[in-house]
1. Could you go through segment 268-290 and let me know if any residue there is closer than 23 Å to residue 101 by Cα, part of a helix (DSSP H, G or I) and among the aliphatic types (A, V, I, L, M).
2. Are there helices (runs of 4 or more DSSP H) fully within segment 37-151 with at least 3 residues that are more than 13 Å from the chain's Cα centre (by Cα) and of a type in the set (Lys, Arg)? List them.
3. Taking the conditions exactly as written (at pLDDT 95 or above, open to solvent by less than 10 Å² (accessible area, probe 1.4 Å) and within 20 Å of residue 296 (Cβ to Cβ)), does residue 258 satisfy them or not?
4. On the given criteria, is residue 110 touching a helix residue (DSSP H, G or I) at 6+ places or on another chain (Cβ under 6 Å) and not basic (Lys, Arg)?
5. Would you confirm, using the coordinates I've provided, whether residue 195 is more than 25 Å from residue 85 (Cβ to Cβ), modelled with pLDDT of 95 or more and either part of a loop (DSSP other than H, G, I, E, B) or not polar (S, T, N, Q) (or both)?
6. If we scan segment 218-227, do we find a residue that is within 18 Å of the chain's Cα centre (by Cα) and either surrounded by fewer than 23 Cβ atoms within 10 Å (Cβ to Cβ) or of a type outside the set (Val, Ile, Thr) (or both)?
7. Answer yes if at least one residue in segment 233-242 is open to solvent by less than 10 Å² (accessible area, probe 1.4 Å) and in a strand (DSSP E or B), and no otherwise.
8. I'd like the full set of residues that are open to solvent by less than 50 Å² (accessible area, probe 1.4 Å) and closer than 17 Å to residue 211 by Cβ, limited to segment 243-255.
Amino acid sequence: MREPHLRPRLRLGWLLALAGAAGAAPATDEAPLTVPLWPVGHWPAATQGPERIGRDGSARGAVSNVSEPRLEIYRPQRPNGNAVVIFGGGGYFRIQIGGAARPTAQWLQSLGVTAAVVYYRLPADGWSAVSPFQDGQRAVRLVRAHAAEWGVDPAKVGVIGFSAGAHLAGILGTRYDEALYPAVDAADAASARPDYLGLIYPVISMKPPLDTTRSRRELDSQADAVTAYSVESHVHAGMPPVFLAQAVDDATVDVGHSVAMYQAARAARVPVEMHLFEKGGHSWGLGEPGSLVGQWPRLFANWSRSHGFLGAPPQRLTPLPGTAATPAPAPPAASDDALDETGD
């Protein structure tokens, strides 16, 4: 099911400008490909009715009532061998596809990276608390299983997550060796370990005093949720390198989440880089052009390349004809992980 057009700030002209700042290669990219995560009927149905897409306020572009978990694959015309699996945020009651996940996929696609947006099952819709993490493991494995077909190096599969999606990514990056579901087919022989993690305004901890997020509430149906899903408690040597970005004035997810992850990674000697921006709030996706938080894609690209991922920047960028030079003003940032349900 397709979404309405992206917000004005996510127009092609703006994406192209961002791609240029991060070192993007010009290309005419293919339309996205939809790939089911699971065989038909694998999980007993927990939702009724069609998938919902938010139209207004903080819910705009967000998807809920997901009954068919799937990947939306953005394949570049000239893949450089890198892939990134993307998890939008939304407090495990919706997924910010239009405001964060899809624009990020389009940006990565412009860099020559194969990007996979994940539509994962949501506990708020009646699925079990472990469902999004099962979907996350399966998503990484499927990208590796299709590596030859999609022009991907199976040793260069990263993950980016936003807010609750960053929490999901954090669990994938720390608990990848745990079998969260029985093997379904040959794809499950592939590793579920991401090669690197981008955690953007992340939910990390389920423990006090950081246990005030909507994510914490939605995962509470699992008795051991605090132990199982406090990412910082599962950090260990040998896990993937970590990139963190958050605004200090984030009123939805306390900046202490990023700090806790940074400290845990440092203690375990896991490579980690953190960027705390003075202003920006929450749920900024790629970030508005010229804003403090809008620097994160370039910083992430540079950091990833320092670890041998994302591909080399090209020598130049050829502008596409007819693209807008100045993007329209953006609406206020949404709060995806707040305990209230404003905009739903």
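The values are calculated or read from the model by the stated rules, or taken from the named source; none is laboratory data. All values reported here derive from a predicted model rather than from experimental measurement. As a convention, Cβ positions derive from the backbone with ideal geometry for all residues, glycine included, and neighbour counts pool all protein chains shown. The accessibility values were calculated without ligands, DNA or RNA, using every heavy atom of the protein model including side chains. Shrake-Rupley method; radii C 1.70, N 1.55, O 1.52, S 1.80 Å.
1. First, the residues of segment 268-290 that are closer than 23 Å to residue 101 by Cα: 272-277, 279-290.
If we keep only those that are part of a helix (DSSP H, G or I) as well, we get none.
There is no residue in segment 268-290 that is closer than 23 Å to residue 101 by Cα, part of a helix (DSSP H, G or I) and among the aliphatic types (A, V, I, L, M).
2. Numbers: elements: 102-110, 131-145, 147-150.
Correct list: 131-145.
3. Working: at pLDDT 95 or above: yes; open to solvent by less than 10 Å² (accessible area, probe 1.4 Å): yes; within 20 Å of residue 296 (Cβ to Cβ): yes.
Considered against the rule, which asks whether it is at pLDDT 95 or above, open to solvent by less than 10 Å² (accessible area, probe 1.4 Å) and within 20 Å of residue 296 (Cβ to Cβ), residue 258 comes out as yes.
4. On the way: touching a helix residue (DSSP H, G or I) at 6+ places or on another chain (Cβ under 6 Å): yes; not basic (Lys, Arg): yes.
Considered against the rule, which asks whether it is touching a helix residue (DSSP H, G or I) at 6+ places or on another chain (Cβ under 6 Å) and not basic (Lys, Arg), residue 110 comes out as yes.
5. On the way: more than 25 Å from residue 85 (Cβ to Cβ): no; modelled with pLDDT of 95 or more: yes; either part of a loop (DSSP other than H, G, I, E, B) or not polar (S, T, N, Q) (or both): yes.
Taking the combined requirement at face value, the residue does not satisfy it.
6. Keep residues of segment 218-227 that are within 18 Å of the chain's Cα centre (by Cα), which gives none.
No, that holds for no residue.
7. Yes - at least one qualifying residue is present in segment 233-242.
8. Initially, segment 243-255 is screened for residues open to solvent by less than 50 Å² (accessible area, probe 1.4 Å), giving 243-247, 250, 252-253, 255.
250, 252, 253, 255, listed by residue number.
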